[in-house]
Amino acid sequence: MAFRGSACVLFVAAILPEPPIQFAALGGAALLVAASAWRDHSKLILAFFPWQLLGFVVGLFLVVSTLNR
């Protein structure tokens, strides 16, 4: 639980200087995967990944970037 909270705080700190948000999101995701792999390897399976949420978030990034043009 502490890793997830830390990743959220670091993500917010990473987006404050206004870099491209996909880099901040990728860094936060990498931190969570690394923490999960370090703690329990058996939980890192593809069925555990929320694929529908990934599609939704990618779609939101596309829509927002299109609307900003």
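Filter the range 33-55 down to the residues that are part of a helix (DSSP H, G or I) and among the aromatic types (Phe, Trp, Tyr), then identify the one that is farthest from Ser65 (Cα to Cα).
Out of the qualifying residues, it is Trp38.
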Only one residue in Ala30, Ala24 is assigned to a helix (DSSP H, G or I) and either touching a residue at least 40 places away in the same chain (Cβ under 8 Å) or in contact with a Phe, Trp or Tyr (Cβ under 8 Å, 6 or more places away or on another chain) (or both). Which one?
Ala24
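For Val63, indicate whether it is under 13 Å from the mean Cα position of the chain (by Cα) and either β-branched (Val, Ile, Thr) or loosely packed, with under 11 Cβ neighbours inside 10 Å (or both). Show your work before the answer.
Values: under 13 Å from the mean Cα position of the chain (by Cα): no; either β-branched (Val, Ile, Thr) or loosely packed, with under 11 Cβ neighbours inside 10 Å (or both): yes.
Answer is no for this residue.
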In the range 16-39, anything of a type outside the set (A, V, I, L, M), surrounded by fewer than 10 Cβ atoms within 10 Å (Cβ to Cβ) and either within 13 Å of the chain's Cα centre (by Cα) or over 14 Å from Arg4 (Cβ atoms) (or both) is listed as Pro17, Glu18, Pro20
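Values in this text are rule-based calculations from the coordinates and carry no lab data. Worth saying up front: this structure is predicted, and the values here are computed from it rather than measured. Positions of Cβ are generated from backbone atoms using ideal geometry, with glycine treated the same way; all protein chains shown enter the neighbour counts.
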